[in-house]
Amino acid sequence: MTGRRPSVVGADTPEPPFPVYLKGLVSQGFGRGSKELGIPTANLPEDVAESFGKSTESGIYYGWAAVGACRDVYPMVMSFGWNPYYKNEKRSAEVHIIHKYEQDFYGEELRVIVTGYIRAEKNYESLDALIEDINTDIQVAQKSLARPQYLALRADPFVVPTTTTTA
Ligand code: ADP
Ligand code: RBF
Ligand code: MG
């Protein structure tokens, strides 16, 4: 049992180090089947994850995300943590965008504004428990992002490409 969790996290205005701006080409993950769980996670490049780790701890974060030339900005939840796959030498940053995409977007530019921290990473006894917590993370992100100072970042030029920008 995970118990009840707060439905909104973080101050009403993002506090340092947030907002944190991350950008990179989507790379192949570890094929752990996130998509099969209904929760695909797009991986940011390792060096981008490394730079995020300089100002933050491991855990689950929320914010805004946009892909490629598309000007639509969606809420996102991000898992940032040590990766056993690399014998815990590297941390990965995996972004689940809260939007239904018709196609994969490997190799495209992913732009993310991390606006706050949700919780620490946990070890789960079952996949169902993990999925339940991720679904709660998604609700927490949506509610937390509905505040004015967070909504304002959705229009930030960092995530919304101008019409003249080339990738
Ligand atoms: P991998 O192990 O390669 O990360 P996943 O099963 O986690 O595989 O799938 C991630 C890929 O799914 C992303 O790189 C992206 O191309 C695609 N994708 C489709 N919809 C989404 C979404 N809503 N959020 C994140 N990635 C998505
Ligand atoms: N994996 C964990 O082992 N513990 C976690 O607390 C955890 N939280 C996650 C939260 C979010 C929002 C997302 C998208 C993934 C999370 N994962 C967690 C899953 C992990 O990073 C990876 O996506 C899965 O291992 C893929 O099946
Ligand atoms: Mg993934």
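The values are calculated or read from the model by the stated rules, or taken from the named source; none is laboratory data. Just so it is clear, the structure is predicted and the values come from calculations on it, not from any experiment. When we count neighbours, we look across all protein chains shown, and the Cβ atoms used for this are built from the backbone with ideal geometry, even at glycine.
Brief remarks on what is shown
- Pairs linking a residue in the range 124-137 that is of a type outside the set (D, E, K, R) to a residue that is assigned to a helix (DSSP H, G or I) and more than 16 Å from ligand 1 (Cβ to nearest atom), with Cβ atoms under 9 Å and 6 or more positions apart or on different chains, are Tyr124/Asp133.
- Count of the range 138-149 residues which are touching a residue at least 60 places away in the same chain (Cβ under 8 Å) and not in a helix (DSSP H, G or I): 1
- The set of residues in the range 98-129 that are over 21 Å from Gly24 (Cα atoms), of a type in the set (Lys, Arg) and assigned to a loop (DSSP other than H, G, I, E, B) contains only Lys122.
- Residue list for the range 58-85, filter: in contact (Cβ under 8 Å) with a residue 60 or more places away in the chain and among the charged types (D, E, K, R): Arg71
- Checklist (1) more than 20 Å from Leu127 (Cβ to Cβ); (2) under 17 Å from the mean Cα position of the chain (by Cα); (3) surrounded by fewer than 16 Cβ atoms within 10 Å (Cβ to Cβ) applied to Val9, failing item: (3)
- For the range 21-41, residues that are over 14 Å from Asp104 (Cβ atoms), crowded, with 17+ Cβ neighbours inside 10 Å and within 9 Å of ligand 3 (Cβ to nearest atom) total 1.
- Here Ala167 does not fit the description of being modelled with pLDDT under 95, surrounded by fewer than 17 Cβ atoms within 10 Å (Cβ to Cβ), over 21 Å from Arg71 (Cβ atoms) and not hydroxyl-bearing (Ser, Thr, Tyr).
- Which numbered condition Ser144 fails, given (1) closer than 16 Å to Ile39 by Cα; (2) under 17 Å from the mean Cα position of the chain (by Cα); (3) away from ligand 1 (no atom under 16 Å from the Cβ): (1)
Quick grid of which residues meet (1) modelled with pLDDT of 95 or more; (2) within 12 Å of ligand 2 (Cβ to nearest atom); (3) out of contact with any Cys (no Cβ under 8 Å at 6 or more places or on another chain):
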{"position": "Leu25", "(1), (2), (3)": "yes, no, yes"}
{"position": "Ser55", "(1), (2), (3)": "no, no, yes"}
{"position": "Gly63", "(1), (2), (3)": "yes, yes, yes"}
{"position": "Arg71", "(1), (2), (3)": "no, no, yes"}
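- Residue that is nearest to the chain's Cα centre (by Cα), among those in the range 67-97 that are under 19 Å from Val159 (Cβ atoms) and in a loop (DSSP other than H, G, I, E, B): Val73
- Flag if Gly10 is out of contact with any Leu (no Cβ under 9 Å at 6 or more places or on another chain), under 27 Å from Glu132 (Cβ atoms) and away from ligand 3 (no atom under 16 Å from the Cβ): yes
- Taken over the range 120-135, the criterion of being buried (at least 16 other Cβ atoms within 10 Å of the Cβ) and under 14 Å from the mean Cα position of the chain (by Cα) is satisfied by Ile134 alone.
- Residue in the range 89-98 that is at pLDDT below 95 and polar (S, T, N, Q) present: yes
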